[in-house]
1. Which ones in the stretch B:168-199 are farther than 19 Å from A:Val152 by Cβ and either of a type in the set (Lys, Arg) or within 11 Å of another protein chain (Cβ to nearest Cβ) (or both)?
2. Kindly check whether there is at least one residue in the stretch A:198-209 that is in a helix (DSSP H, G or I), under 21 Å from A:Lys8 (Cα atoms) and within 14 Å of chain B (Cβ to nearest Cβ).
3. State all residues of the stretch B:19-37 that are touching a helix residue (DSSP H, G or I) at 6+ places or on another chain (Cβ under 7 Å), within 14 Å of the ligand (Cβ to nearest atom) and either assigned to a helix (DSSP H, G or I) or of a type in the set (S, T, N, Q) (or both); if no residue qualifies, say none.
4. Test each condition in (1) assigned to a helix (DSSP H, G or I); (2) surrounded by 24 or more Cβ atoms within 10 Å (Cβ to Cβ) for A:Lys190 and report the one that comes out false.
5. Checking the structure you have, find out if any residue of the stretch A:38-54 is within 16 Å of the ligand (Cβ to nearest atom) and either under 17 Å from B:Asp176 (Cβ atoms) or crowded, with 20+ Cβ neighbours inside 10 Å (or both).
6. For the stretch A:264-307, what are the residues that are under 20 Å from A:Val140 (Cβ atoms) and either without any contact (Cβ under 8 Å) to a residue 12 or more places away in the chain or out of contact with any Asp or Glu (no Cβ under 9 Å at 6 or more places or on another chain) (or both)?
7. What is the number of the single condition among (1) within 15 Å of the ligand (Cβ to nearest atom); (2) surrounded by fewer than 22 Cβ atoms within 10 Å (Cβ to Cβ) that A:Gly363 does not meet?
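What follows is calculated from the coordinates using simple rules that are stated; it is not laboratory data. Note that this is a predicted model, so its numbers are computed, not measured. Because the Cβ atoms are built from the backbone with ideal geometry, glycine has one as well, and the counts that use them run over all protein chains shown.
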Amino acid sequence: MGKTLFDKIWDSHIVMSKPEHPDAVYINTHFIHEVTSPQAFDGLRKRGIPVFRPQKTRATADHNVPTLDQHLPIKEARSRHQVEMLTKNTAEFGVELYGLGHPYQGIVHVIGPELGITLPGMTIVCGDSHTSTHGAFGAVAFGIGTSEVEQVLATQCILQYKPKRMKIEVNGTLKKGVLSKDIILYIISKISASGATGYFVEYAGDAIRNLSMEARMTICNMSIEMGARGGLIAPDETTFSYIKGRQFAPQGADWDKALAYWKTLFSDNDARFDKVLTFDAADIEPQITYGTNPGMGMGVTQHIPALDQVEEKERPSFKKSLEYMDLEPGSALLGKKIDYVFIGSCTNSRIEDLRLVADYVKGKRKADDVVVWIVPGSKQVEAQAIEEGIDKVFAEAGFQLREPGCSACLAMNEDKVPAGMYCISTSNRNFEGRQGPNARTFLASPLTAAAAALTGRVTDVRDNF
Amino acid sequence: MSKIFQHLVSAAVPVPIENIDTDQIIPARFLKATTREGFGENLFRDWRFDANNQPKADFALNNPLYSGKILVAGKNFGCGSSREHAAWAIADYGFKVVVSSFFADIFKNNALNNFILPVQVSETFLDQVFKAIEADPKAEIEVDLENQFIRIVATGEQENFDINAYKKTCLRNGYDDIDYLLSLRQDIEKYEGTRAFNF
Ligand code: SF4
């Protein structure tokens, strides 16, 4: 019987598989950042061991960094300390760091792909759940905890149970104004925030095939929001041409050899999945979430479920969520006034996202009482945006283009949405307090966010297309 | 943090909310520490305390009726961020067991790596546990790792739970994954020699 893409990669990375034991899986690339690594380095110190393969780990500072005046020392003492610890740890253990001020600095899941570090067929881990992003290249990539970061630093391996396999097919043609972010929000709203727990998902179908690399990353990024261990897409010409020529991508004879291997990376026709789901791209309209987990989403023109449409068991959690959001069951969101627009995060902060938004808002001006933050995913994205004059479009529109980092995606740094305010956000989580204590988040695509920036309200982007 | 788990009889603290994500268990602004200690103080911070840092009386952790080393929560516990700080906060607060009808994958790994036992039960049994605590806030729950069962002491209702044999051994003896991986050092080097690509 044939093998799935996931099985091909996983099986070829097993160092040791014993009955009743999790597999010891070899890791090709390990990314680290300032928040989930200090305790792991401490663990190595306590055991008196080095980093086993320091050249296979790369570090950046992203979660805690300010997104204004990055040339100045970080003001907040504990954030500064954490970033300094990363510098100290990486220097001491011989790990390459793209820290503040480095031209490669940025959100960990943005820089890996753009530098050509992320490649098809790899196993990739990081102490961060959105490591699933890298799966867009046909890699097995997943988030891990700090004890596991320590495992990888110590042995370049991780102990893991093999997840089950799910295939999600999206077929047909997307409607105008509908982006890959809408596809993934739609899928999560259909299968819930735990619908893929225990699975590794392969996305397939022509609607996925037709997406650019960056759009594919947005989909894989949010796999974790339906509970999946990770998500991946078989590499193809789109993948290969994206990678070719990037800083750390293979070159010359190495490229040819790699390419020959990458072309074997697909699920065989007779491969068996534990579960298969199929969606029609034509059914998807621009999406928006209304609740406090990413499964609580709907088409932008639809209504929040009424109480009697929610299963009785789930009502208490549903009510709690809507109380937090200060929204009524059964009501519509279209036209709802918003206070903040955040375009950024590892889901939607790449150059294509910024280009789309710039195209849409060119020559227009934001609504007066809305604060609009655009936070590029990396120094390279920022530089590219400036080179293309996108910064000027944003300035004319009254949008603030900030410096790279996680920013208001998790409000660990200085960028927070104030209590009680509504933010349309292109990030991936609408959890209570995620964007700041008592902040209220609507997740949406960069286009839907841009439309809201112009009107100051939840808007159907298709109206102005 | 004790590195061993075998058997426990304790009252339990009920948090009957579904989809509790790790941002609720420990909000991001408390992740700036560079050690593993002290996170218990901020466990469920924004549900436990209001904006003026006053305890919210209606939250279970602030209710003096409830106590014990077992946390009981609604389905899909620990979803969201991979932050192990969530497991550290739960352990630091003093919980040894979390009971739910469904756990997120990364949280489950993180919990086990910190010698917290995630006990996954059926929805029916979870309801029974919540009801038992409602009837008597001091209701005792017994958790036995050797025989893999959880029991409501007062009613005798019980259910078996799954745990992987390897993880069971780790918990019962205080072994961790790094000890095992380090013992594979030669196999890892041998594996590296077989790889066609240097990535
Ligand atoms: S942008 Fe948000 S989701 Fe992505 S790595 Fe940073 S904090 Fe995590």
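1. Taking the stretch B:168-199 first, the residues farther than 19 Å from A:Val152 by Cβ are B:168-169, B:171-174, B:193-194, B:196.
Correct list: B:Lys168, B:Thr169, B:Arg172, B:Thr194, B:Ala196.
2. Narrowing the stretch A:198-209 to residues in a helix (DSSP H, G or I): A:206-209.
Filter once more, so that each one left must be under 21 Å from A:Lys8 (Cα atoms): A:208-209.
Pick out the ones that are also within 14 Å of chain B (Cβ to nearest Cβ) and you get none.
Within the stretch A:198-209, none of the residues are in a helix (DSSP H, G or I), under 21 Å from A:Lys8 (Cα atoms) and within 14 Å of chain B (Cβ to nearest Cβ).
3. Within the stretch B:19-37, just B:Thr22 meets the criteria.
4. Here A:Lys190 meets the rest and fails (2).
5. First, pick out the residues of the stretch A:38-54 that are within 16 Å of the ligand (Cβ to nearest atom): none.
No, because not a single residue in the stretch A:38-54 is within 16 Å of the ligand (Cβ to nearest atom) and either under 17 Å from B:Asp176 (Cβ atoms) or crowded, with 20+ Cβ neighbours inside 10 Å (or both).
6. A:Thr264, A:Leu265, A:Asp268, A:Arg272, A:Asp274, A:Lys275
7. (1)
Results for (1) without any contact (Cβ under 8 Å) to a residue 12 or more places away in the chain; (2) within 12 Å of the ligand (Cβ to nearest atom); (3) crowded, with 24+ Cβ neighbours inside 10 Å; (4) more than 30 Å from A:Gln400 (Cβ to Cβ), shown as yes or no for each residue.
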| residue | (1), (2), (3), (4) |
| --- | --- |
| A:Leu72 | yes, no, no, no |
| A:Ala91 | yes, no, no, yes |
| A:Leu97 | no, no, no, no |
| A:Gly101 | no, no, no, no |
| A:Leu115 | no, no, no, no |
| A:Ser132 | no, yes, yes, no |
